[in-house]
Amino acid sequence: MLAVGAFEVGNVAATLLILRATELLEPGRGQGVATQIALGLYVAYNVAATLISLIAGRASDSFGNVPVLATGAASFLIAYLGFATTNVALVAAAFVVAGIGIGCVEIAENAAVASLSPEQYRGSAFGLLAAIQSFGNLAASAVTGLLWTALSPQVAFAYFAVWMVAALATFVGFFGSRR
């Protein structure tokens, strides 16, 4: 749950990814066109998430849930580094990489709780997961607003990249200790 907590505190809402793309695309294109392109990038995010979820499900069955969670955190780390740039092409690619990340994590989080929790505590473990997800997302959104407004979007995404490093290190450490 510690690794999941680190992931969730660094898991910014997809609407902020759309805002980032819109802000970068707006000069020379206008608000309307920039928003349409950004929404198209969000569609690519969802397509990537859907397609990778099929592979991630099989990988979870074959290798376990923790390596898939680590892959998701690593994908978000790469994506956030892309979102921290002002390069439109890198930001566009970051949508797809973030989609891969969320496709991995959404498949593996619940499965990990189900497989790693003792049966008598499984219901409580799912409740704890839901609490971690909701409080983590609230914290991520609040911090994003503060960092984005007070400093810059680049600082906000760098902050989230640090959380993904923490999540990735914790997932890898957990997986290594279970071998």
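All of Arg29, Arg20 fail the test of being crowded, with 23+ Cβ neighbours inside 10 Å, over 30 Å from Ser117 (Cβ atoms) and either of a type in the set (D, E, K, R) or in contact with a Cys (Cβ under 7 Å, 6 or more places away or on another chain) (or both), apart from Arg20. Among the numbered conditions (1) within 19 Å of Val165 (Cβ to Cβ); (2) surrounded by fewer than 19 Cβ atoms within 10 Å (Cβ to Cβ), the only one that Tyr80 does not meet is (2).
Enumerate the pairs (first residue in the range 102-114 and farther than 20 Å from Ala48 by Cβ; second residue anywhere and in a helix (DSSP H, G or I)) with beta-carbon separation below 7 Å, excluding pairs fewer than 6 apart on the same chain, so at least 6 apart or on different chains. If the second residue must be in a helix (DSSP H, G or I), the pairs left are Ala112/Asn65; Ala112/Val66; Ala112/Leu69; Val113/Ala125; Val113/Phe126; Val113/Leu129; Ala114/Arg122. Among the candidates Gly64, Gly57, Gly82, Gly40, the residue that is in contact with a helix residue (DSSP H, G or I) (Cβ under 8 Å, 6 or more places away or on another chain) and at pLDDT 95 or above is uniquely Gly82.
Is it the case, given these coordinates, that Ile100 is assigned to a helix (DSSP H, G or I), out of contact with any Phe, Trp or Tyr (no Cβ under 8 Å at 6 or more places or on another chain), modelled with pLDDT under 95 and surrounded by 24 or more Cβ atoms within 10 Å (Cβ to Cβ)? In short, no. In the range 64-84, the condition of being free of Cβ contacts under 8 Å to residues at least 12 places away in the same chain and either in a helix (DSSP H, G or I) or within 20 Å of Thr22 (Cβ to Cβ) (or both) is met by no residue.
Arg58 - would you say it is touching a residue at least 60 places away in the same chain (Cβ under 8 Å), among the charged types (D, E, K, R) and part of a helix (DSSP H, G or I)? So Arg58 does not fit the description; no.
Would you be able to tell me the number of residues in the range 9-51 that are assigned to a helix (DSSP H, G or I), hydrophobic (A, V, I, L, M, F, W, C) and within 26 Å of Leu138 (Cα to Cα)?
16
The values are calculated or read from the model by the stated rules, or taken from the named source; none is laboratory data. Note that the structure is predicted; figures quoted are calculated from it, not measured. No Cβ is skipped: glycine too gets one built from the backbone with ideal geometry, and neighbour counts run over all protein chains shown.
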